[in-house]
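The values are calculated or read from the model by the stated rules, or taken from the named source; none is laboratory data. Please read these numbers as outputs of a predicted model, since none were measured by experiment. No Cβ is skipped: glycine too gets one built from the backbone with ideal geometry, and neighbour counts run over all protein chains shown. What goes into the accessible areas is simple: the full protein's heavy atoms, side chains included, and nothing from ligands, DNA or RNA. Shrake-Rupley method; radii C 1.70, N 1.55, O 1.52, S 1.80 Å.
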Amino acid sequence: MRRGLAEHVVGRVVESVAITHPRSVRRHLEGAADLAARLTGLTVESAQRRGKFLWLTFDDEEAALVVHLGMSGQMLVQHADAPVEKHAHIRATFGDGTQLRFIDQRTFGGWALAPLVEVDGTLVPEPVAHIARDPLDPRFDVESVVAVIRGKQSEIKRVLLDQGVVSGIGNIYADEALWRARIHGGRLASGLSKPALRGLLAEVGAVMGEALAAGGTSFDALYVNVNGQSGYFERSLAVYGREHEPCRRCGAPIIRERFMNRSSYSCPRCQPKPRRR
């Protein structure tokens, strides 16, 4: 989505902003009229992200537009004359006749302007300041993250999902990376060696890079790029969603286990469970 915004939105001037659902701007405490007024006339300077936090910066504004996608948020670039989608709650019209539409069926997401603050040498919106760098960030420090992980007395998968330790890893990609690294998600983080953790983080980066190249993992029509196209990384998944299907490496049936009110998928042969004390 960030790549799509960088291609289709950066450099364009916001001509007007229409907000049709108050929940979509509830995080902007000054209200819908203030948000629309402050965005009007600005030129989009960049599209950035950290983990799954997304934001736009502008030429004459010291704040960034933070986009919370929630569970169902979409950012679509359409021509202004195209039919308006049922759940298009915000429409920013640019001077060239295109629109950036925020579509959110469940209204868990929204837009808000937030001041930029410096964290570890990088400017990020204030609501994003607590989010760690992710493995695709050029300034991601593997050794520092390994040291933090080894200090955690918790299951390694739980640590991977902690956005304050390392960001951008969701349930799907955690399972995929753990399978590639031959590590069961229930292993204690502090019990893994430094080489094992370096290898795991390398697999995380590889999975995320391959998924980005494939446009992401789209299980339904809610997860699409800014042009409405779905990603096709689902075809490359090794374990996630493949319960009872053969492991692509050893042939053992993939198993599904309950984990943090969701599901974990693993190979019982390649990723043996840790022994309980």
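Assign one of three labels to region 1-56, namely rounded, prolate or oblate, based on the Cα gyration tensor with a ≥ b ≥ c the square roots of its eigenvalues; rounded applies when a/c is under 1.5, prolate when it is not and a/b is larger than b/c, and oblate otherwise.
Here region 1-56 falls in the oblate category.
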Cα axis of helix 171-181 to longest principal axis of the chain: angle in degrees, 0 to 90, nearest 10? 40
Which one of Leu29, Leu201, Leu76 has the biggest mean-square fluctuation once the chain is modelled by GNM with Cα springs under 10 Å? Leu29
Computed [θ] at 222 nm, helices only, for the chain once each DSSP H run of length n ≥ 4 contributes -39500 (n - 2.57): -6500 deg cm²/dmol
Distance in nm between Ala202 and Glu245 label points, each 7 Å along Cα→Cβ, equals 2.7
For the chain, built as a Gaussian network whose Cα springs stay under 10 Å, the top-fluctuating residue of Val84, Val17, Val25: Val84
Extension gain (nm, one decimal) between Ala63 and Phe108, 0.36 nm per residue minus Cα-Cα: 14.0 nm
Cα pair count fraction exceeding 27 Å, expressed as % - the chain: 45
In Å², and per residue, what accessible area does the chain have when probed at 1.4 Å with the other protein chains present? 49
Here, region 75-225 modelled as identical Cα point scatterers in vacuum has Debye log10 I(q)/I(0) at q = 0.09, 0.12 Å⁻¹ of -0.40, -0.67
Within region 4-35, list the trypsin sites (Lys or Arg not before Pro) lying in a DSSP loop whose Cβ has at most 16 other Cβ atoms in a 10 Å radius. Arg26, Arg27
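Quote to one decimal, in nm, the extra length available between Leu212 and Arg256 on full extension: 0.36 nm per residue of separation minus the C-alpha distance between them. Show your work: numbers first, answer last.
Values: separation 44, 0.36 × 44 = 15.84 nm, distance 2.52 nm.
Here the answer is 13.3 nm.
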Label-point separation (nm) for Glu118 and Arg3, each offset 7 Å from Cα along Cα-to-Cβ? 3.2
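Could you check how much of the accessible area of the chain is carbon and sulfur, as a whole percent, using a 1.4 Å probe?
Exposed carbon and sulfur together represent 50 percent of the surface.
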Would you mind telling me which residue in Gln153, Gln163, Gln99 has the biggest mean-square fluctuation in a Gaussian network model of the chain, where springs connect alpha carbons within a distance under 10 angstrom? Gln153
Taking a crude spin-label model, label points 7 Å out from Cα along the C-beta direction, the Arg23 to Ser190 distance in nm is 4.2
If you average 1/r across every pair of different Cα atoms in region 162-211 and take the reciprocal, what Kirkwood value do you get, in Å? 11.1
Sort region 10-158 into rounded, prolate or oblate with this rule: let a ≥ b ≥ c be the square roots of the eigenvalues of the Cα gyration tensor; rounded if a/c is under 1.5, and if a/c is not under 1.5, prolate when a/b is larger than b/c, oblate otherwise. prolate
